[in-house]
Amino acid sequence: MILHPTVIANLLAAYIAGGMVLYAVFYGVQILKHWDIQNGHELQLVLERRTYLISTLLSYVFGLQLLSLFLYIFTADNLTPLFVGAMCAAGTLNVDSFGYPTLVLKIFNFILAGLWLVLNYVDNQGYDYPLIKKKYLLLAFVAPVIIVETILESAYFLDMEADVITSCCGSLFSSERVTGLGSEIASLPARPMMWVFYSAMACTLLCGIFFYFNNLGGYLYALLSLLMFFISLVSIVSFISLYIYELPTHHCPFCIIMEEYNYIGYLLYILLFGAVVSGLGVGALIPFRQVESLQAMLSGFIRKLALASVILYAAFTTLVTYEIVTSSLVISYEVVY
Amino acid sequence: MIELMNVKKVFNAGNPSEFSALNSVNLNIAGNKVTVLKGPSGSGKTTLLSIVGCMSRPSAGRVKLNGREITSLPERFLTDIRRKTFGFIFQQPNLIKGISVLDNVMLPAYPLGEKRSQLKMKAMKGLAELNIADKSASKVEWLSGGEAQRASIVRALINDPYIIIADEPTAHLDTKLSYRFMEIIEKFKSEGKTVIITSHDPLVYESSIVDHVVKLRDGQIEGKQA
Amino acid sequence: MRAWIEKQHYIIDFTISSLLRRKVKNFGLLALYTLIVFILASTMFFTYSIKKEASLILKGAPEIIVQKIVAGRHDLFPLSYIETIKSIRGVAAVESRLWGYYYDSLVSANYTLLTPPGQADAADTAAVADSGASFRPCRSPQPCKSPAKTTVVENEPGDPHAADESKPLFEFNGAVLEPGTLIIGNGVARLRNIGKGDYMPFLTFDGKVVNFKIAGTLSSQSELVSADLMLITGADFRKLFGIDNSVVTDLSVTVNNPSEVAMVASKIKKRLPQARPIIRDEMLRTYDSIFNWRGGMMIVVFSAAVLAFVIFAWDKASGLSAGERREIGILKAVGWETSDVIQMKFWEGAMISLTAFFTGVILAYIHVFFTGSIVFEPALKGWSSLYPNFELTPFVNLEQLTTLFFLTVVPYTVATIVPIWRAATIDPDSAMRFTGE
């Protein structure tokens, strides 16, 4: 294990988040079992008070999740010098078999966390806590995934071993790993991907705007925004990164959050994550439009979510296009990369 | 205006120290009238007052405000209604030490996020009506008993509530100040507000301004309502 | 939206006045918090900037150092091996080095004696050009170029760091090394209280006393590496330690193409089974790891302090005085909701955290970079006699600040969540039941 201060910070954040989630789930189960809004007895009052605690706890946890997602990449990038052949975070994540799965789970958990927060907000607007049971069911589902993520992250960091000189009596210290770690990211060909990206984005935006004005096709929009999220991620790897790095072979999606590129990656990813969470939120909330206590605000809120999602995706696209247009790289598309 | 149907309040339910503060209370409080809840200590006056004033929820029974059922509203909504509907005057002025009178008076309006200049104007107007505008910047520790009472009344009025609730308001006031207090209550009534007072001070419940007197004993209402 | 902003504004105002009203309690907490941040930040700043210095220094080191190992111990390197190495494809230049340790019993110190590069071996001295600009491992296509085919990676014209690659690791102050003289590092000068023109006696390998004149001192900028260093001519070195002309201490090998280094190293190993090539990148990684490990170790040790602080914070947040309880009861009674009180408490925590964090970081910065880690000095110095007086170049980056944030502010915030909630859920009608002072 590499006892690096930033690694310790990562693990600490992960354990704290895991611990808080377990605490929340424990009380959440109680709420699921005994909740009855009509009842004025003390237990109900206690539960109501406790749900404040859990909301607060989980808001913190999910905020922490977002920060720790970025911290994770950051740490991976900072550990690069310790491994032969690793050029950036992409290489470090390959050091053992837990690196990438942890990343995938982190992204997944972040989206789920965002959805939970949206549900929580809406639930609090209804005078009878209409979504409370569903909220805690979602929590019961999210919690084990977060625990698994914590375990994987621990395994990733604990399993790591730097390629260092271990004994002064040895002769050739580096093992015969002349090729080192694979920093190559599998990527799809750039030009077709550009078409896919722009056309998919156009569809998504149109659908979103249509929903905003006509209140139809919410589920479709949610689905499209999820799809767009994946397409955008693939696009970043496949062609967007090329233009940002101004290098036709550098596909790494992690280096764009580094200082050399003006931290542009943070903006891109935040826009993207925001867009997908609000888009999925639309789909998650539509089933509840008929709930009486939410009648006053829900439709308006869903439309606002959709609008937010559309704006975020549009901003993302604008930023991407700006990067492409102002980049010094010119890809001659006769050659397929 | 306010209806209580079969309201019960039990503390420490299930424990040996279980205690029933209110037993099957049925009460109707009329609008634009002054109602006094009278009774010895331990009769459940304060508990009843806090249920009427949306400060706590009954263990059983129903509470309606202006026809709307508020029994099982979660705290968030209850507080919202309470903020806009009720103004509380406590036995003690209950002002926060260390901040000025003006800040104390504006306190209940903070969560509503009203514009500061407007809020300040409202507060100063309220202080002027009760003749303590000159004390607006002083710390509350420097106020006399009567002035503190008046400050707490201004605080109770800051959100323009239409129901005023006072809990033993004259308990710590001398006769002159008590009469002054009742004059203020009369003013409220003439403004169309509803007033609910708990008191065991004859000066209060025998006053001519009072419309109804409700007698409480051991958590239940005695006899018929006046 | 505006109402929300205005509301936060009010709550922040109220929180500030509330914090100021309880100066004593909050000050204690703030002081402790700042102390924790200060200690952790000092540790991190120190470790990271030394790490950075080390990596900057090592950049100038040769790509491969080759030593001879006999039975696991470092032996003197025969000059005849040089031809074998020079013949490897990819090797740009080979240079022999003469260096060793001398124990001075007078001051219980170990000096490092080094022959400046290019002078260790007669064959190399031909490459040494004019003084002042010399003492570089030879890179120019001049006499010491290896006859094997090589690929040369040219530096970009206009690269501001091109010169750095060939700078020696120490700097002279214009002194010239002649036979019979030494150029010493500042640490030695301070320890022995000698300077230019003085004489220093040494005991040779066969018990004779030899006097060396001090020709000058090394620059103080390079003190981190040169404090205990002494430069000596090749002939004097061999005379002092009784080393034969056919051997040197080790070799430095220059390989121009970075991707070839590992290949060249393994070839050296194959052709000279007793040789041990040490690759610069390995050293860099190892140094990095050592500093990481040290830094991490200190953090782990201090985690006990952080834990104690967190428990203290939790206790402070839970222990509401009667006055505080009354105040919250009043707030709830006049119309503040539980979530409003939670927000207020959150702002309280945020303000304390931010103040402590920034104060701690600034103090740590001053401590490490301006006073030379005066608090840690005894621990760092140990019992070394030759301790360099160095000023670390300030190096603080986002990574350090983020790590600090996660190690201090996050645990504090988490510890206070439950106490805050407990405080915020005080019953509003407690204000009504409060009947006496």
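Miscellaneous remarks
- Whole-number Å³ per residue for the convex hull built on Cα positions in chain A: 139
- Geometric descriptor of the stretch B:176-224, per residue, is 87 Å³ (volume of the convex hull of the Cα atoms).
- The three principal axes of the Cα atoms in the stretch C:222-303 give end-to-end lengths of 55, 35, 23 Å, sorted in falling order.
- Charge dipole (debye, nearest 20) of the protein assembly as shown; +1 at Cβ of Lys and Arg, -1 at Cβ of Asp and Glu: 2400
- Multiplying each eigenvalue of the alpha-carbon gyration tensor of the stretch B:156-197 by 5 and taking the square root yields semi-axes of 19, 11, 8 Å, largest first, rounded to whole angstroms.
- Kirkwood analysis of the Cα pair distances in the protein assembly as shown returns a hydrodynamic radius of 34.5 Å.
- Over 23 Å [Cα-Cα, the stretch A:5-159], rounded percent: 42
- Counting charges near A:TYR198 (Lys, Arg +1; Asp, Glu -1) among other residues having Cβ under 15 Å from its Cβ returns a value of 0.
- Its alpha carbons considered, the stretch A:190-326 gives a radius of gyration followed by a Dmax of 16.4, 56 Å.
- When shorter helices are ignored and each DSSP H run of at least 4 residues is given -39500 (n - 2.57), the per-residue value for the protein assembly as shown at 222 nm works out to -17000 deg cm²/dmol.
- For residues of C:397-410, the mean tally of beta carbons on other chains within 10 Å: 5
- Proximal charge balance of C:ALA317 [Cβ under 11 Å; K/R count +1, D/E count -1]: +1
- Among C:300-309, B:75-84, the peptide with the highest mean count of other Cβ atoms within 10 Å heads the list, and the full ranking is B:75-84, C:300-309.
- Proximity of backbone amide H atoms, modeled 1.01 Å from N, is registered between B:MET55 and no other residue at under 5 Å, excluding neighbours fewer than 5 places apart on the same chain.
- Size descriptors for the stretch B:117-226 (Cα atoms only): Rg and Dmax, in that order, 15.5, 50 Å.
- Shape summary of the stretch B:12-82, radius of gyration then Dmax from alpha carbon positions: 13.3, 42 Å.
- By the beta-carbon count within 10 Å of each Cβ, the least crowded to most crowded order of C:ASP236, A:ASP36, fewest first, is A:ASP36, C:ASP236.
- Farthest toward the positive end of the dipole of the stretch A:190-326, out of A:SER238, A:LEU220, A:ILE257, is the Cα of A:LEU220, where the dipole comes from beta carbon charges about the Cα centre.
- Which of C:GLU63, A:GLU161, C:GLU83 has the fewest Cβ neighbours within 10 Å, and the rest in rising order: C:GLU83, A:GLU161, C:GLU63
- Protection proxy ranking for C:248-256, B:157-165, using the average of other Cβ atoms within 10 Å per residue and placing the highest first: C:248-256, B:157-165.
- Trypsin sites (Lys or Arg not before Pro) restricted to DSSP loop in the stretch B:168-226 with at most 16 other C-beta within 10 Å: B:LYS224
- Size descriptor, Kirkwood hydrodynamic radius, that averages inverse alpha-carbon separations across chain B, Å: 18.2
- Selected from A:SER55, A:ILE151, A:GLY91, residue furthest toward positive end of dipole (the stretch A:5-163; charges at beta carbon): A:SER55
- Dipole-positive endmost among B:PRO74, B:LEU157, B:GLY113 within the stretch B:1-158 (Cβ charges, Cα centre): B:GLY113
- Debye log10 I(q)/I(0) at q = 0.12, 0.17 Å⁻¹ for the stretch B:66-131, Cα point scatterers: -0.42, -0.78
- The label point for A:VAL104 and the one for B:ASN15, both projected 7 Å from the Cα toward the Cβ, are 5.2 nm apart.
- Neighbour counts of other Cβ atoms within 10 Å put B:LEU203, A:LEU271 in the fewest-to-most order B:LEU203, A:LEU271.
- Largest-first principal axis extents, alpha carbons of the stretch C:27-95, Å: 72, 30, 14
Rule-based calculations on the coordinates, nothing more; no lab input. On a predicted model such as this, the values are computed, not experimentally measured, just so you know. Virtual Cβ from ideal backbone geometry, glycine too; neighbours counted across all protein chains shown.
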